[in-house]
Amino acid sequence: MEIPENVQAVLKTLESAGHEAWCVGGCVRDALLGRSPGDWDVTTSAQPEETLGVFGPQGLPTGLRHGTVTVKTPEGPVEVTTYRVDGAYRDHRRPESVAFTRSLDEDLARRDFTANAMARNLRGELRDPFGGREDLRRGILRCVGDPDRRFQEDALRILRGLRFAAALGLEIEPGTASAIRRNREGLADIAAERIQTEFFKLLPGKRAAEVLRGYPEVFGVFWPELLPMVGFDQRNRHHCYDVWEHTLRALAASPEDLVLRCAMLLHDVGKPDSFTLDEQGVGHFYGHPAVSRELADRMLRRLKCAAGFRETVVRLVEWHDKDIPRTDKSIRRALRALGEEDLRRLILVKRADNLGQAPACWDRQKELDKAEEILDKLLAEDACFSLKQLAVNGRDLLALGLSGPAVGAALEELLGKVVDGTVPNEREALLETLPRACRTGGEEEVT
Ligand code: ATP
Ligand code: MG
């Protein structure tokens with residue numbers, strides 16, 4: 001494992017001052033897995049004041065209460081935390097107090113999983129008191145110590161465990177797995193933001209679908225809306241899987257991307273609520289995208305997601321069942337409504353939705369290939385689908401005597417004509433249609 005130079009320098013500085021210093025946690029785990037670590041955390045025997053003393057103005061007291069000093073380096077900040085043991089836990093959340101210790105092994109013992117409880121120093125020595133390396137070699141995720149106790153101390157570890165299983169492809173050791181199920185209700189005490197962080201690292205994971213399939217009741221603690229999907233028989237010959245199994249297959253078929261995975265998880269969440277049976281005993285889900293949209297919006301708000309993220313996901317959910325556009329005009333209309341990025345996402349959503357159905361239905365992919373082909377062609381020829389591409393702008397209309405909201409309405413109407421192909425995107429041609437645009441005040445149907 002090559003420790004980055006700036007991190008090496010931090011370790012050296014601490015050691016030269018007579019302290020112990022190790023890289024610890026996720027970076028050691030990721031390096032052993034051959035993955036490049038996101039951040040390099042350092043743990044040290046130095047007390048926080050000693051760390052501050054050693055680094056002088058380079059050190060910032062960002063979390064002294066927990067023993068953390070952030071060291072500024074040219075390549076970015078490095079967190080240096082004093083060896084620590086946790087005090088008593090309250091409400092399945094963070095410890096009430098922490099105490100510093102001079103023992104690395106005690107610090108490692110407070111960490112959640114064996115794979116996360118290893119340290120490595122400048123000379124490449126590995127400290128691994130709980131067999132994390134062997135567990136990783138065998139592809140196993142296991143709690144440090146008694147799993148029930150560890151999950152009762154801090155229920156977020158339940159979700160972290162599922163996250164590591166999904167993202168790193170680890171198998172959860174049976175004792176740890178049953179403790180995850182037994183202690184799941186503790187998640188109800190965890191702040192939405194912390195749940196969101198772990199859950200959103202889980203969803204893009206390569207084994208996210210397997211983990212969701214294995215532990216729906218755990219995710220149901222914060223998203224109970226998922227649970228009616230489990231085992232919900234669609235009673236329709238187009239659907240050989242129940243709603244949950246279809247959802248998971250569609251999710252697995254989508255790219256390892258958070259927005260798309262979130263849209264796939266939620267696209268049919270409104271199906272159980274929209275179910276009807278016809279006289280032939282065939283199941284239907286009329287209007288389910290709108291119901292899914294409402295539920296998805298509520299669920300994402302509960303997790304305190306960023307507004308932009310939430311809006312993108314619910315839009316994909318709302319649009320997922322619309323017909324695949326296959327003409328220049330319908331693709332231009334879709335581009336106008338969604339923009340390029342979200343239309344490309346919608347195509348991926350529709351691909352995944354289709355791949356989540358029985359293989360006999362997969363020839364739908366060809367229609368999506370066609371839609372993508374037309375989209376690429378239109379973009380290559382710089383087709384107009386937004387106001388900023390329109391050959392006239394607000395100033396042109398003001399100059400012609402329009403004012404106020406009429407300007408925006410007229411521009412939208414002109415854009416509608418260009419998108420529909422009834423007028424070319426040329427200044428002269430557009431201005432010629434204007435008297436009519438003014439007369440109708442932009443109220444004419446444009447879509
Ligand atoms: P990532 O790759 O996402 O950064 P990570 O394992 O490094 O994963 P962090 O949140 O950065 O996760 O935490 C760093 C280390 O701190 C972990 O590897 C683990 O040793 C310890 N840790 C973090 N959260 C907990 C927790 N809730 N309980 C016990 N130990 C924890
Ligand atoms: Mg980390």
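Name the residues in the stretch 69-105 that are outside any loop (DSSP other than H, G, I, E, B) and among the aromatic types (Phe, Trp, Tyr), would you? Passing the criteria: Tyr89, Phe100. So, Ala99, is that one closer than 21 Å to Ala179 by Cα, more than 13 Å from ligand 1 (Cβ to nearest atom), of a type in the set (Gly, Ala, Ser) and modelled with pLDDT under 95 or not? Taking the combined requirement at face value, the residue does not satisfy it.
Exactly one residue among Leu122, Leu108 is part of a helix (DSSP H, G or I), more than 25 Å from the chain's Cα centre (by Cα) and among the aliphatic types (A, V, I, L, M), and that residue is Leu108.
Comparison of Leu203, Leu226 shows that the only residue that is buried (at least 20 other Cβ atoms within 10 Å of the Cβ), within 21 Å of Asp353 (Cα to Cα) and touching a Cys at 6+ places or on another chain (Cβ under 8 Å) is Leu203.
Among the candidates Gln196, Gln152, the residue that is part of a helix (DSSP H, G or I), within 15 Å of ligand 1 (Cβ to nearest atom) and more than 25 Å from Asp30 (Cβ to Cβ) is uniquely Gln152. With respect to the conditions (1) without any contact (Cβ under 8 Å) to a residue 40 or more places away in the chain; (2) within 15 Å of the chain's Cα centre (by Cα); (3) outside any helix (DSSP H, G or I), Gly145 falls short on a single one, namely (2). The set of residues in the stretch 15-32 being within 19 Å of Tyr83 (Cβ to Cβ) and in contact with a helix residue (DSSP H, G or I) (Cβ under 6 Å, 6 or more places away or on another chain) consists of Ala17, Ala21, Gly25, Arg29. Among the residues of the stretch 28-60, those identified as over 21 Å from Thr101 (Cβ atoms) and either charged (D, E, K, R) or within 16 Å of ligand 2 (Cβ to nearest atom) (or both) are Arg29, Asp30, Ala31, Leu32, Leu33, Arg35, Ser36, Pro37, Gly38, Asp39, Trp40. Given the structure, is Arg35 in contact with a helix residue (DSSP H, G or I) (Cβ under 7 Å, 6 or more places away or on another chain) and of a type in the set (Lys, Arg)? Criteria not met by Arg35.
The values are calculated or read from the model by the stated rules, or taken from the named source; none is laboratory data. All figures in this text were calculated on a predicted structure; none of them were measured in a lab. Note: ideal-geometry Cβ built from the backbone for every residue, glycine included; neighbour counts use all protein chains shown.
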